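Note sheet for the following structure.
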Amino acid sequence: MIDVAELQLASGTVSRPDAWVRLLLETVQTTSVECNPRAVQLAPDDPELFSHPFAVLVGDGELPPVSDRAREQLVRYLSYGGFLFVDDATGDPESGFDRSVRALLGQLFPTRPLGVLSSDHSVYRSFFLIERPVGRVAVHQVLAGVQLGSMHPVIYSQDDLSGALDRRADGMDRSACVPGGESQRREAVKLGINLLLYALTSNYKHDQAHVRRLMEEGRIE
Amino acid sequence: MMAWLTSGGNFAGGHLVWSGEAWVLATVATLVVIALGLATRPTPLAGRLGELAALALAGLGLVLLAARPTWLAEGERTEPGRVVVLVDASRSMGVTEPAGQTRLALAREVLARLPDAERFHFGGDLRPGEALTADLGATDIAGALQALSRRYAGEALAGIVLVTDGIDRGGLLRIEADGRRRLDPSALPELPGPLTVVQIGEDRAVPDVAVVDVRAGAFAFLRAPFTIEVDVVRTAVDLAATTVTLTRNGQAAGTRSAAFDQLGRGRVSFPVTPDAPGRFIYEVSVPAPPDDAVPGNNSMSRAIRVVRDRVRVLQVCGSPSMDQKFLRLFLKEDPGVDLVSFFILRTMADMGSDYAPQELSLIEFPYRRLFADDLATFDLVILQNFDHEPYFERDSDRLLENLAEYVKNGGALAFLGGDRSFDLGEYAGTPLAEVLPIELGIPGESVDPAPFAPTLTAAGARHPLTRLAADGAENQALWGRLPVLDGTNLSLGPADDAAVLLAHPSLTTGGGPLPILAVRQVGLGRTMALSVDSSWRWSFAEASTGGGNQAYLRFWKSAMRWLVGDPDDQAVTIEVARENVEPGEVQKAVVRVRDAGFAPLPGATVIGEVLGPRGRTPLSLPTDGQGLATIEVPTAERGAHRIKVRAVSAGGLQLGGAETVYAVVTRDPELDRIAPDSEALQALATATAGLYIAPGTWQAPLYDDAAARVVRERRESPLWSAPLLGVFVAAMASLGWWWRRRGGRR
């Protein structure tokens, strides 16, 4: 069963286990995917990472340098089937975390630039049909990713998706979603489920049978 | 002088040559000189000149004999030009004309009119002498004339008489763009004499319906439609149409009606979609009318090899998971796989969430189409943690029965574990359970969640499916190093005729280890059951160690190849040199025998038989150092032939079997069209300024009076063997001896 591994560095990263537990529970309730609703915190060079093929990196500040061993393991993890969702918790287009993430991904995949995903990318239709990817904020409303083969094993949001999912111990949402409020949070939950389904099914929703049928029914163009 | 010496002869002109061996001549001359020297002793020479002169002449005669003088006379004379007859001896000349004589017999009547002519016969080549039978093929009239021209290069012939029915396979006439046939002048040589063409056989006088061509490539692709085109002709038969029947390996595959046009030609097409790989004999036939002159040309066979272009795989998964993800990635990245995936993303239990259908990207699961209409289009079906009941509902039995029949008819099924599969998917007692390699219906708990490392069984160590390395010890070590799995579905054990390749290290069932990976041959198809949903760890966790994911890729690659049972991917394969051979040729088939690791296996015994239209021929032979056994089969009988073999290792292990088919063509190209071709013969006569003699008529062939040939003569007269020379030597020797005795000497 799938769970979430939160990558933790010495600084700059944020741990939001409740957000991921919420996402996993929502996924279990909404889809046929069997999840283990838990989040574990791991360093990027921890070999245990290969027991958790869905990982997240959430941050709000500049990241410290990553060791060669950690970089090598991350490349191996992402090249052999692992998935990493990177979430900028600041919502700031020019955050230190954003600079650090772009630099890190550039080191990991120097020939595979981080690029904006096209509007018909499978992540936007892996379960829900999503037109605007949003999180706690709706500043960018796009996802970016690094492509390896036919899949993007790294997907990056700058709209603080985990902030929209995060809850306090009493079950209340930790932050308000702006500017869209609860409807925006609902879209954020749908995006989170799509990310999980995309991590499992990759480009399945681009198979001919699905595309043809969805077009026939007018659900996509 | 010469005449006197050689007792007569005509030696007008000529010259003398000495043909004796030098050493013989020298020896004789030396002996003569020594003898003469001895003869001069002991008395003085005075008064002995006569004696010595006679002996010297005898000695000279002996030296002449040793020098072997020969008189060589050369001359030439002129004779009238020759007449040459070329008789067509191809099989079409064996056709019986309405009058009751074969065409060859009619040709002999022509020969009887030309008793002094030199005789040749031809089919594909020119042969001296008279034809005894009409049994040659590939008639090539232009080729025969070219061979004749080369043979008589530099000599003018008084006449060339060509006796034939005109049915030519050598391209004498070329079909032009306007559809008309014209003679190809470049095919004809400059003839050494005037040509007379004698046609044998009346045009269109012989009733016949024939299949003259079946056009289909030697290869076809599995499930890809192709067309078999058939040409038929009729001559001297009053038929508007005929029924053309197509069979595949003797089984009816369709009929079509072919209408004849004004020229008696008909054409029909059969659309064919092969549903299995391998070699197949497609035979086309038309019914023979009661007076059909050549029933042998009423059918024609073609052997066609059907190959896969891509393996078509259906992956159905009951719940997206890492196991499903890794298997899809493997299948999707293989260019040899055409993958159709269907994943259940939402079940009835998930319907409580308040999302409207239009928010979802889900489509209806087309289970009826997949498991009824389109099932036969797949080479391999993978049921991955899939529970049938929620989706198949009332159709469950029918669709699972379809799946079981699909397997029995040659399909492949991979049945993978998980929390919705095996007994958790309620497959026990269903039609599908009957074809699985494990027994279902375990009471109580049907999963064991404890992580474990499966062990390779003895069968697994030999089986190609579980060969991660060619070397047995290395293979064992590789399996031992793989990461542990997450837990397993339980079962009652393997089915009766299944093989267990991986087993649980500690759990048992039915007195044996719990099967983790089991395989089974069911009818023509194969099934595999893997009781875990964590084989992906062989890829991902293995990659974490720096070892890459080769073990996972090899395992699934081997599994897929074994399941689909590709004919070229078996331990024993057989390959024929040609799919279609003619009667009289030797068909060669090569059997390749490999061990479980697909290494060539020398010293194995190949046992089998060749099944032909008239019975079976057993065969048994060993494999050579490369694991190959070559079978050579004479092909006397026309029709479809099947070679079936099985191989046994030197240790008695059954290695498997293979079979193939080939066709000994039931059609004789010489008998495709048997109507004489007067158009070709008249064109030939016109092109060569020759004479055409129609069938049933006769006139003197063209004869060139001016044609002459110079006969060169060379005559050798050996003087040394002339009788008078011997007499002369004897007389001189006797005279000398008499003189000597008369002088009182001894």
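The values are calculated or read from the model by the stated rules, or taken from the named source; none is laboratory data. Note that the coordinates shown come from a computational prediction; the quantities given were computed from them, not determined experimentally. Positions of Cβ are generated from backbone atoms using ideal geometry, with glycine treated the same way; all protein chains shown enter the neighbour counts. SASA here: full protein model, heavy atoms, side chains in, ligands and nucleic acids out. Shrake-Rupley method; radii C 1.70, N 1.55, O 1.52, S 1.80 Å.
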Report summary line: Longest principal axis of chain B (C-alpha) makes with the long axis of helix B:550-564 (C-alpha) an angle, in degrees to the nearest 10, of 70
Report summary line: For the range A:38-58 the residues that are at least 50 Å² less accessible with all protein chains than alone, 1.4 Å probe, are A:F50, A:P53
Requested in this report: Evaluate the charge dipole of the protein assembly as shown about its Cα centre and quote only its size in Debye, nearest 20, assuming +1 on the Cβ of each Lys and Arg and -1 on the Cβ of each Asp and Glu.
Outcome: 5340
Report summary line: The set of residues whose placed amide H lies less than 5 Å from the amide H of B:D338, leaving out same-chain residues fewer than 5 positions away, is B:V311, B:R312, B:V313
Requested in this report: Any chance you could run the full-extension gain for B:E445 through B:W737? It's 0.36 nm times the residue separation minus the Cα-Cα distance, nm to one decimal.
Outcome: 91.5 nm
Report summary line: On complex formation of A with B, accessible surface lost, both sides summed, probe 1.4 Å, nearest 100 Å², amounts to 3500
Query raised in the report: Between rounded, prolate and oblate, where does the range A:2-216 land on the alpha carbon gyration tensor, with a ≥ b ≥ c its root eigenvalues, rounded for a/c under 1.5, else prolate if a/b exceeds b/c?
Result: rounded
Query - Virtual spin-label span in nm between B:D116 and B:D395, 7 Å along Cα→Cβ - result: 9.2
Report task. Starting from the Cα-Cα distance between B:L628 and B:A73, subtract it from 0.36 nm times their residue separation and give me the gain in nm to one decimal. Result -> 193.2 nm
Report task. Indicate, rounded to the nearest 5 percent, the antiparallel portion of the DSSP beta bridges found entirely in the range B:311-565. Result -> 45
Query raised in the report: How high is the FRET efficiency from A:R71 to B:E364, r the C-beta distance, R0 56 Å, rounded to 0.05?
Result: 0.80
Query raised in the report: Angle between the Cα long axis of helix B:22-39 and the longest principal axis of chain B, 0 to 90 degrees, nearest 10?
Result: 30
Query raised in the report: Can you give the net charge of the other residues whose Cβ lies under 10 Å from the Cβ of B:P695, counting K and R as +1 and D and E as -1?
Result: -3
Query raised in the report: Which one of B:G444, B:G352, B:A404 is farthest out on the positive end of the charge dipole of the range B:322-481, using unit charges on Cβ (Lys, Arg +1; Asp, Glu -1) and the Cα centre as origin?
Result: B:A404
Requested in this report: Grab the beta carbon distance between B:E575 and B:A687, set R0 = 51 Å, and tell me the FRET efficiency rounded to 0.05.
Outcome: 0.60
Query raised in the report: Once the Cβ-Cβ distance between B:R481 and B:A138 is put in as r, and R0 is 60 Å, what FRET efficiency do you end up with, to the nearest 0.05?
Result: 0.40
Query - From phi via Karplus (6.51, -1.76, 1.60), per-residue ³J(HN,Hα) for the range B:254-265 in Hz, x at Gly/Pro - result: x, 9, 9, 9, 10, 8, 8, 8, 5, 8, x, 10
Report summary line: Here the range B:440-448 yields Karplus 3J(HN,Hα) values (6.51, -1.76, 1.60; θ = phi - 60°; whole Hz; Gly and Pro given as x) of 9, x, 6, x, x, 4, 10, 9, 10
Query raised in the report: Accessible area per residue, 1.4 Å probe, Å², for the protein assembly as shown: what's the number?
Result: 44
Requested in this report: Determine the shape class of the protein assembly as shown: with a ≥ b ≥ c the square roots of the Cα gyration tensor eigenvalues, call it rounded for a/c under 1.5, and otherwise prolate if a/b is greater than b/c, oblate otherwise.
Outcome: prolate
Requested in this report: Classify the range B:575-721 as rounded, prolate or oblate from the Cα gyration tensor: take a ≥ b ≥ c as the square roots of its eigenvalues, call it rounded if a/c is under 1.5, otherwise prolate when a/b beats b/c and oblate if not.
Outcome: oblate
Report summary line: Summing +1 per Lys or Arg and -1 per Asp or Glu among the other residues with Cβ less than 10 Å from B:Y552's Cβ gives +2
Requested in this report: Between the chain alone and the structure with every protein chain in place, find the residues of the range B:307-334 that drop at least 40 Å² of accessible area; heavy atoms, 1.4 Å probe.
Outcome: B:P320, B:M322, B:K325, B:R328, B:L329
**Report entry** Sulfur and carbon atoms: percent of accessible area, the range A:2-216 [1.4 Å]
**Finding:** 49
Query raised in the report: When the chain is fully extended, how far beyond the present Cα-Cα distance does B:F219 get from B:E679, taking 0.36 nm per residue of separation?
Result: 161.9 nm
**Report entry** For the range A:34-46, 3J(HN,Hα) per residue [Karplus equation, 6.51 cos²θ - 1.76 cosθ + 1.60, θ = phi - 60°, Hz, x = Gly/Pro]
**Finding:** 8, 10, 9, x, 8, 10, 10, 9, 9, 7, x, 9, 7
Report summary line: So the carbon and sulfur contribution to the accessible area of chain B, 1.4 Å probe, in percent, is 54
**Report entry** DSSP beta bridges in the range A:80-221 [antiparallel fraction, %, rounded to 5]
**Finding:** 65
Report summary line: For the pair A:E94 and B:T377, the simple spin-label estimate (label points 7 Å beyond Cα toward Cβ) gives in nm 5.6
Report summary line: Measuring from the longest principal axis of the C-alpha atoms of chain B, the long axis of helix B:141-151 (C-alpha) lies at a number of degrees, nearest 10, equal to 40
